Structure formats: structure tokens, C-alpha cells
């Protein structure tokens with residue numbers, strides 16, 4: 001069977017209650033599928049009216065179908081009774097039998113018995129009395145169980161991807177305080193194999209009480225990596241020169257018949273410091289992109305060269321930068337405070353789980369590099385992936 005494209009839409013209530021990380025962890029660990037895109041949405045009435053017409057397969061139980069329509073009209077509309085911004089997060093998955101597998105094996109069906117073996121079993125609610133009337137309905141995640149109907153759902157998500165989706169910065173109302181945005185980037189080793197690590201890291205960041213207002217899965221290219229980490233290169237020249245000096249001294253102190261001093265080692269280090277800094281810098285770029293810049297014969301390949309996957313998230317709220325950095329922990333996982341992201345999920349100075357902006361200014365610079373600051377785009381990854389898939393049907 002050829003690959004299918006399926007979707008999971010995390011509901012506004014799940015996002016509002018910061019269940020996002022737990023749900024993403026389940027989806028990534030248990031779906032035998034490839035995650036290919038993510039995007040935040042706040043749906044317009046036009047989308048919801050169209051979505052309501054195709055949300056349920058014809059065979060759906062009438063009471064359940066009615067509950068779906070009521071839920072979408074109350075929870076996904078911007079004039080909802082609770083007064084919060086109805087953010088949703090879309091995750092696109094690709095793989096064999098993706099639609100049925102995602103729905104049946106991972107997200108799960110509604111059940112009146114308390115179970116925890118599926119996403120809905122753990123995070124959703126479905127309460128119906130003996131007459132069949134549904135009293136409470138919260139699906140946690142919305143998806144489509146029918147492969148044919150799924151294409152109609154996908155088309156709507158693509159059609160409204162630019163008008164209803166993207167960066168939701170500035171749309172949530174906060175109380176008094178310094179509202180900021182901070183970029184968080186989950187690093188490539190979180191996606192080397194199927195696991196709940198990315199979800200667990202997101203769940204740890206939920207301790208900040210901040211709101212996710214943008215999400216983008218992307219392959220960092222060599223060009224992006226060099227620009228993103230560019231400020232480190234000159235820093236490495238200064239910071240690592242002492243290491244070079246000591247290494248030179250250790251290797252050469254007994255190599256000659258004359259005395260080789262630390263002053264001699266420093267003189268040699270002056271010649272090697274920049275080359276060493278470039279080498280260390282390239283190691284970081286290679287880790288983030290899967291490609292060492294020195295291995296590229298043609299520099300024009302840098303804007304496309306990539307073999308890894310990262311997830312960029314934009315968090316918004318009062319004092320967001322400091323709150324995120326506190327939960328992130330020290331760069332060195334062995335020195336990070338217990339319970340922080342880097343203490344729990346970091347392995348070493350480079351593979352330390354996640355990156356987070358250290359200032360509002362750097363957050364804006366980094367957002368521009370990874371594509372979470374653009375507002376005038378004519379297309380997006382979700383739209384392009386869905387269009388390509390539907391055209392191939």
C-alpha cells in the first residue's frame with residue numbers, strides 16, 4: 001500500500017490545559033509514521049462552516065455526530081463561551097495505512113470506560129447516560145477515520161493554512177507584565193528514532209505557564225546553521241584559545257632538545273586559534289544539519305544541504321525569555337538543575353536537548369532564520385505537502 005497523509009489536530013482545550021507535550025509524546029512514540037509538518041491554527045468561521053459539513057463519515061452514530069458539530073461550533077470558534085483564543089496545533093503524518101493506523105491504534109475511539117491505552121483514553125472525555133444522551137464531549141485530538149473523507153479534510157487545512165494558520169503572536173490577551181516571545185528549538189537527536197522525548201521536553205516547558213503561538217518542523221540547512229550559530233565563531237576564538245594553548249604545550253613540551261614553554265605554546269596557539277574555532281563551529285553545524293560545511297565542494301549547496309530534523313516552537317507570555325531559560329537549565333547537562341530540560345534529556349554540551357533564545361533580540365533574529373517571523377508568505381510547508389499529496393492521488 002502506498003503512503004497516506006494523515007493529520008492530528010490538538011484541540012484548544014488540550015493546548016489551554018498544557019496537555020500538548022503528553023499528546024505529542026504519545027503520537028510520536030506510538031504512530032509508526034513519519035511526522036512531516038506542524039502548524040498552529042485559529043480557525044475562521046468560514047473554515048469551521050466548511051469543516052462541519054465533512055467532519056463525520058456518513059456511518060457515524062447520530063448522537064456522536066451531533067456532539068461533534070456542537071463541539072466544533074463551541075470550542076473552535078473565536079467567539080467561544082470561554083473567551084480564550086481557540087488555538088489548535090496541526091501535526092501531519094505520512095506512512096502506510098496512515099489514516100486508519102493513526103485513528104484506531106494511537107488516537108483511539110471514544111469509550112465510556114476509563115482507559116489509558118490511547119490518546120483519547122487518557123486525555124479525552126466522553127460521558128453518555130443510559131438513554132444514549134451525551135453529557136460531556138472532549139476529543140483531545142481531532143482526526144479523520146476514513147481515507148476518502150480524509151482528503152477533503154486535508155484540502156480544507158491546506159486552503160486555510162495561510163489565512164487561519166501560522167504565527168499567532170500578539171493574539172492572546174495577558175494581564176500586566178512584560179509580554180515576550182522566546183524561540184525554543186528541539187534538537188536533531190530528539191528525532192533520531194521514534195520516542196516520546198520531544199513530547200516530554202515540551203511537557204517540561206509547560207511548567208512555565210507560557211503559551212505556544214507557533215510551531216514549525218524543519219530541516220535546518222547548512223546556510224541556516226551557519227547564520228543561526230554565527231555569533232559563536234568569534235566567541236570560540238577567544239574562549240577556546242586556552243584549550244589550544246594547553247594542548248599544544250602537552251604535545252610539544254618534550255618534543256625538542258630545548259625548553260618548550262607555555263609562552264611558546266601561546267605563540268603557536270595564536271596561529272591555530274581561529275582554525276580550531278572554525279573546526280568546533282563546523283561540528284555544531286554538522287550536528288544540527290547532518291552535514292559538515294567542509295564536506296561541501298560547492299558553497300551554493302549550503303541553502304539546501306540538510307539531513308536532520310528540528311522542531312521550532314514559539315512561546316509567548318510575561319517574561320517568556322527568563323522563564324524558558326530557567327526551565328531549560330545550564331548548557332552543560334551535568335551542571336543543570338534537576339528537573340530541567342537539559343538535566344533530564346541532555347547528554348553533553350552539544351546534545352543537550354533543546355536550544356532557547358537568551359534575549360528578546362536574539363529570539364527575533366533566530367525566528368527570522370528558521371522561518372517563524374514571516375507574515376507575507378505565499379505558501380507554507382503544510383500547504384505544499386498536502387497539495388503535492390492530493391495531486392498524486
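Each reported figure results from applying straightforward, stated rules to the coordinates on display, with no laboratory input. Keep in mind that what you see is a predicted model, and the values were worked out from it rather than measured. Note that each Cβ is placed from the backbone with ideal geometry, even for glycine, and that neighbours are counted across all protein chains shown.
Structure notes:
- Overall Cα dimensions of region 191-253, principal axis frame, Å, largest first: 54, 27, 24
- The spread of Cα positions in region 6-141, taken along each principal axis and listed from longest to shortest, comes to 37, 34, 30 Å.
- Cα-projected label distance for residue 266 with residue 70, points at 7 Å along beta-carbon direction, nm: 7.9 nm
- Length gained when the stretch residue 319-residue 94 is fully extended (0.36 nm per residue, less Cα-Cα span): 77.3 nm
- For the chain, the longest principal axis of the alpha carbon atoms and the long axis of helix 62-75 meet at an angle near 50°.
- With the Kirkwood sum run over all distinct C-alpha pairs, region 206-324 has a hydrodynamic radius of 17.3 Å.
- Calculated log₁₀ intensity ratio I(q)/I(0) where the Debye formula runs over C-alpha points of region 225-295, q = 0.23, 0.24 Å⁻¹: -0.90, -0.95
- Space enclosed by the convex hull of the alpha-carbon atoms of the chain, per residue, Å³: 174 Å³
- Simple label model, 7 Å out from Cα along Cβ direction - residue 136 to residue 109, nm: 2.3 nm
- Using the alpha-carbon positions of region 133-242, Rg (one decimal) and Dmax (whole number) come out as 20.2, 73 Å.
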